[in-house]
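All of the numbers you see were taken from the coordinates with simple rules; none came from a lab. All figures in this text were calculated on a predicted structure; none of them were measured in a lab. Cβ sites come from the backbone with ideal geometry, for glycine too, and all protein chains shown count toward neighbours.
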Amino acid sequence: MIVAGLSRVIEIRTPNRSGGSWEDIRGLASRDDLNVVFILIDTLRADRLSAYGYERPTSPVIEGLADSGVRFATTLAQSTWTKCSMASLWSSTYPATNRITRYPDGIPEAMQSPAEVLQQAGFRTVGIWRNGWVAPNFGFSQGFDIYVRPKSLGRPANMAQNNPSASKLPGTDHDVTLPAREFLRSAGDERFLLYLHYMDVHQYVYDDSANFGTSYSDIYDNSIRWVDANVGTLVATLQELELMERTLLVIASDHGEAFYEHGAEGHALDLYAETTEVPLVMALPFRLDKGIVVETPVENVDIWPTVFDLLGLDPMPHAEGRSLVPLIEAAAQGTEDRTAPDARRPRFTYLDRTWGRRGAIPRPLASVSQDGYRIMRSLDQNATALAEEGDVELYDVGADPGEQNDLAEQNPDEVARLEAVLEGFLTRPLPEWGPPDEVTLSEMELGQLRALGYALPDDRQPQAEDDEADAEAPETK
């Protein structure tokens, strides 16, 4: 049982890896035995993790990994809707570039994914997922030797779900962890990429190992503790099989979750910090006596350029994200410069607020963060320019990290500066692989997505573009 596995991972704070230092990080690129385990915890906001200063012990395993590895203090997801966010993460391109922004959009075969690059480099590639937005029909299986939605094993008596808007997704993240463990036991000396996409935080599924309360917010914390135990069981398996010393372990999220900080519960509705600020932790094949904390703000599009740099692979030719290895080394040496050009680069997020309405006129919303300020701005329906009468909000995120005090009227000069940055971001050509594929979903596939809490139309019936209901954001978890 996974719950039993939690007791085994108390050793995470002193794992069975040899010690190392920041000088050893560059040496990883010369090794020919490193594996990659990429854990995506769906709907996980950074400020609910104990590693990020949260007062509740929601994530002792992740905290232990951060304490002996690398933690990025501020990481921005590229969208608050899973498919849009994950397409950007895997391609290292922004939504305004790859244009995978609405529910029928799929990754075109011509786009080379990190899994394809690793597969060609001799890695065995395995993905295990439970969120239908990253299903093979949307193109996310490219480059994977095995890419599966695991069979549901049901829920033990000590498991519960209490979610305000999502239906019950069969099974639990135990269904991901068990086959992952079996794969690790069979891996031998073959290099591998193992991608796990956990869903129980999204669904507010939890066991009796934590009882932080009974509100939706409390239950969300309970579910984080449960998924953290799943991560612990996986790490315990890596330790047992003596794989930790030749594995780079990455823990990330696609977006966060709102609890009425701005009048809504859930995600995929707006771009506020509670839904865009996500964790990013990297556990190295050796243990650092003191974990490295990178204070410079980064983005999810930076993840795979960083992994490739650590592995000594050529950069992704189309990547808009950047390797964070120089920032890691600077943070380790105490020379991180928050005024350097790389530290001051703008960071972008994007959401089409009618992404779930096939016939609706697009209502894009984008944000840009730079120099301590963040602007949120409506775009025109083609997402190529600012909307003529669009909403605009400006926040001083240093003084107001919760984004409660809109300064747009008080600081028009800063609004104008960031609008100019945003306009430059929008005027970019299609990538070399062209527009997204258009995917027609079966009723079964639509039903699986509706079970996550998304209100989606019948894909078999056309919708009128002037349907006023379609102009509203879809109901969503």
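Between the listed residues L40, F72, N382, the Cα displaced farthest toward the positive end of the dipole of the chain, a dipole computed from Cβ unit charges relative to the Cα centre, is found at L40. For the range 12-69, the list of GluC sites (Glu not before Pro) that fall in a loop by DSSP and count at most 15 other C-beta atoms within 10 angstrom reads E55. Relative contact order for the chain: 24 percent, from Cα pairs under 8 Å spaced at least 6 residues apart, divided by residue count.
Each Lys and Arg adds +1 at its Cβ and each Asp and Glu adds -1 at its Cβ; summed about the Cα centre, the chain shows a dipole of about 1580 debye. A cut-off under 14 angstrom between Cβ atoms defines the neighbours of L196, and their net charge, with Lys, Arg +1 and Asp, Glu -1, is -4.
Using only DSSP helix segments of four residues or longer, with each worth -39500 (n - 2.57), what per-residue ellipticity at 222 nm results for the chain after dividing by its residue count and rounding to 500? Mind dumping the intermediate values first?
On the way: 13 runs with 123 residues, N = 477.
It lands at -7500 deg cm²/dmol.
Among DSSP beta bridges whose residues both lie in the chain, state the antiparallel percentage, nearest 5.
Details: 32 of 60 bridges.
Antiparallel: roughly 55 percent of the beta bridges in the chain.
If you take semi-axes √(5λ) of the Cα gyration tensor in Å from the coordinates, which of (1) 32, 26, 23; (2) 34, 27, 18; (3) 36, 25, 23 do you get? After the calculation, the listed value that fits is (1). Mind checking which of N137, F425, A187 is farthest towards the positive end of the chain's charge dipole, using Cβ charges of +1 (Lys, Arg) and -1 (Asp, Glu) about the Cα centre? Positive-end residue among those listed: A187.
Net charge dipole, the range 308-354: roughly 280 debye, given to the nearest 20, about the Cα centre with Cβ charges of +1 for Lys and Arg and -1 for Asp and Glu. Loop-resident GluC sites (Glu not before Pro) (DSSP state other than H, G, I, E or B) in the range 173-273 with no more than 12 further Cβ atoms inside 10 Å of their Cβ: E190, E242.
At an R0 of 35 angstrom, the distance between the Cβ atoms of V148 and Y260 translates into a FRET efficiency of 0.45. What does the C-alpha gyration tensor say about the overall shape of the range 230-308? Classify as rounded when a/c is under 1.5, otherwise prolate if a/b is larger than b/c, or oblate. Note, shape of the range 230-308 comes out prolate. Taking the chain as the region of interest, the number of lysine pairs whose Cα atoms are within less than 28 Å, with members eight or more places apart or on different chains, is 6.
Averaging Cα coordinates gives a centre for the range 127-201 and one for the range 330-396; these two points are 31 Å apart. Subtracting the Cα-Cα distance of A343 and N405 from 0.36 nm times their residue separation leaves 19.9 nm of extension gain.
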